[in-house]
Amino acid sequence: MTDMTRTQRLRAATRRLKPDRGNLASDLVAALTFAVVNVPQAMGHALLAMVNPLLGIYTLMVAVPVGALFSSSVFMNVSTTGALSVAAGVVLLEFPAGQRAEALIVLVLLVGVIQLLAGLFRLGFVIRFVSNAVMTGFLNGVAVLIILGQLSDLTGYQSSFSNRVAQALDLLLHLGKVNLQATAVGLLTLALIAALLWHKALQRFAFIIAIAVATVLMVLLTLPAVPTAAQFAVVPTVGGISAIPRELPQLALPQLSLVLSLWLPALSIAIIGLVQGAGVSQGTPNPDGRYPDVSRDFLGQGAANMATSLVGGIPAGGSVSGTALIVGAGGRSRWANIFVGLFVALIVLLAGPLVERVPMPALAALLIVAGIQGLRVEQAVMAWKTGRISRMVMLATFLATLAIPLQFAVLFGVAMSILLTTIRQSNKVVVTEWVLQPQGFPLEQPPPRRLPSDRLTVLHVYGSLFFAAARNMEEMLPAVGDATRSVVAINLRGKGEIGSTFVTVLQRYAQALQARQGKLMLVGVDPQMRDQLAKTGVLKLIGDENVFVATPQLGEALNQAVAAANAWLGQTAGGVAPDSARQAKE
């Protein structure tokens, strides 16, 4: 790349980042709307990650603008998500409470490094190996975990179990121990959010209005003049967990001794984030109508997480709800996301005392609604109806998400999807007979069970030629039996590299035909396949004159094989003439 090219690209990038005055007002409104709505949600996500709620706010302050600067997607919002927060929380739960902040810094840094490398090495294609069934099962499992995980803050009952399903069952057995005041605040907030979401004009602000009403209500109920003030004073608030400093985040340095114990969880969380981000960016085109570069979006998310780790934030990734809010609120350029950081910083500096008064049951109600919204019901129904393998993969991943740590659940789902697909594809093969016609295309039908004598039989193979499929194909080939002078032409057009099992099948079938004065012909052979046949000695067994290499013209190799077979059989008068196959397709 020349210096001039680098300069031109730098100037082009600078022009793209320069704010458009025509979009400035819309972008500012969208950024302010997002900041106000998502500050309480980010605090809730931090609680899911088992850390200080303030760290969720710091994540918005840093990850959203950095992600916007480096991503290919103009609108993708890189911020806190429920799935990433739950996954991080499960990892951090293994550390003592006093060490979680240090572990979080290293975890988020490793997630960012992995995602950045995925972007630099252009590994966007890897997303294809994570099936929709895996992600549907995983995200539905995470949504259920989010809902169940809020029951303790909603009711005030702290279970001794670590698994969230067990916690929910334990709560049902101890309903008499719930905090009635906390439960009342949480249920009221839940009902208010549900009502506001039904109102089209207010649904964008449903979370912030409900949180504000719950906070004001708590302030009023805890006033000294109120008779029940002492009872409601026991309802926990954000300030009771951690005070919000009236200052911007300070630099946090990673403790490198934790890298070895956190790299595998970081890999799993990075995969979750990349898959979610790819779904967001590929569902939201840029203003020019083109879809973003997935690999570049990997890089953007990696940069966002690396920057977030420097302020001790939680993992961030492409957010479906955040992107929808930015676009729905009028965002027209990437500056809508960049301005989010500014508004969140102002909230921290100016509105800290208000945030500290937010009741924890209200945040729990918010996250329960977010969990319900995160359920992928339609996708689950589609995966269930698609087929047995999709159903098994989705259900197994869902159950694994509920039962085992999330970093292993997603890897389990991916491994299971690849394994079952490989098994299915390795067995999938179909052999048909092509009956050549005097005019037009061949007639396709099931192959004969036994070969006829003194005749040419043309076979076509669909599907895989590896492993078990090759064995299955051998069982589908017409039996040689007592047939003599039979010619079998197998059309292999479109088949590239073949395995040793298929080579062995060809060797055995050619030997069986030759033992009865017959011969095997291979039609439409790829040059690479011909080299494999030559190296294994099968080409010499079959005969070089009986292998017809594929040409750009469809049907040419087959016509050559038919002519050669008829000449060998000497049946030009009584059999199928070469001219009859001229229009036969391979």
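Take every Cα pair under 8 Å in region 151-262 that's 6+ residues apart, average their separations, divide by the length, and report that relative contact order as a whole percent. Walk me through the numbers before you get to the answer.
Numbers: 62 pairs, mean separation 19.9, N = 112.
Across region 151-262, relative contact order equals 18 percent.
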Fill in the blank from the handout: Per residue, accessible area of the chain with a 1.4 Å probe, heavy atoms of protein chains only, in Å², comes to 46
Handout entry: Length gained when the stretch L93-L220 is fully extended (0.36 nm per residue, less Cα-Cα span)
Key = 42.2 nm
Problem - Cα-projected label distance for L399 with A212, points at 7 Å along beta-carbon direction, nm - result: 4.7
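On the protein heavy atoms, probe 1.4 angstrom, tell me the percent of accessible surface of the chain carried by carbon and sulfur. List each step's numbers first, then the result.
Working: 17060 of 27060 Å².
The nonpolar share, carbon plus sulfur, comes to 63 percent.
As a test, work out the antiparallel percent of DSSP beta bridges whose residues both lie in the chain, rounded to the nearest 5.
Details: 13 of 27 bridges.
Antiparallel: roughly 50 percent of the beta bridges in the chain.
Cα-Cα over 21 Å: which of K519/K540; K428/K519; K200/K385? Could the numbers behind the result be given before it?
Numbers: K519/K540 13 Å; K428/K519 27 Å; K200/K385 33 Å.
Table pairs above 21 Å Cα-Cα are K428/K519; K200/K385.
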Handout entry: Part-to-part distance (alpha-carbon centres) for region 94-134 and region 464-530, which is given in Å
Key = 47
Exercise for the section: Return the whole-Å distance between the Cα centroid of region 176-223 and the Cα centroid of region 236-304. Expected result: 29
Practice task
Please give the contour-minus-distance gain from V435 to E475: 0.36 nm per residue of separation, less the Cα-Cα distance, rounded to one decimal in nm.
Solution key: 12.4 nm
Handout entry: D531 paired with L411, simple spin-label distance in nm, labels 7 Å along Cα-to-beta-carbon
Key = 3.7
Fill in the blank from the handout: In deg cm²/dmol, rounded to the nearest 500, the helical mean residue ellipticity at 222 nm of the chain, built from -39500 (n - 2.57) for every DSSP H run of length 4 or more, is -19500 deg cm²/dmol
Handout entry: Relative contact order (percent, whole number), the chain, Cα cutoff 8 Å, 6+ residue spacing
Key = 21
Problem - Within straight-line cross-link reach of K535, aspartates and glutamates at Cα separation under 16 Å, skipping those fewer than 8 residues along the same chain - result: E497, D526, D544
Problem - FRET efficiency estimate (nearest 0.05) - Cβ-Cβ, L350 to L123, R0 56 angstrom - result: 0.85
Fill in the blank from the handout: Taking Cα atoms only, helix 82-92 is inclined relative to the longest principal axis of the chain by an angle, in degrees rounded to 10, of 80
Fill in the blank from the handout: Pseudo-spin-label distance Y462 to T386, built 7 Å along Cα→Cβ, given in nm, is 2.1
Handout entry: Using alpha-carbon coordinates, inclination of helix 335-350 to the longest axis of the chain, degrees
Key = 30
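What's the magnitude of the charge dipole for the chain around its Cα centre, counting Lys and Arg as +1 and Asp and Glu as -1 at the beta-carbon? Answer in Debye, nearest 20.
Details: 41 positive and 27 negative charges, 115 e Å.
It comes to approximately 560 debye.
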Exercise for the section: Just name one of P478, T422, P254: the one whose Cα is farthest towards the positive end of the charge dipole of the chain (beta-carbon charges, Lys/Arg +1, Asp/Glu -1). Expected result: P478
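Determine the dipole magnitude for region 38-188: charges of +1 sit on the beta-carbon of Lys and Arg, -1 on that of Asp and Glu, nothing else is charged, the reference point is the Cα centre, and the result goes in debye to the nearest 20. Don't skip to the answer; put the middle values down first.
Numbers: 5 positive and 4 negative charges, 54 e Å.
For this selection, approximately 260 debye.
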Practice task
Give the label of the value calculated from the structure for Rg and Dmax of the Cα atoms in Å, choosing from (1) 26.9, 90; (2) 32.2, 113; (3) 23.8, 81.
Solution key: (2)
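The values are calculated or read from the model by the stated rules, or taken from the named source; none is laboratory data. Only a predicted model underlies this, so the values are computations on that prediction, with no experimental measurement involved. All Cβ positions, even for glycine, are placed from backbone atoms using ideal geometry, and neighbour counts span all protein chains on display. Ligands, DNA and RNA are stripped out before the accessible areas are found, and what is left, the full protein with its side chains, is counted by its heavy atoms. Shrake-Rupley method; radii C 1.70, N 1.55, O 1.52, S 1.80 Å.
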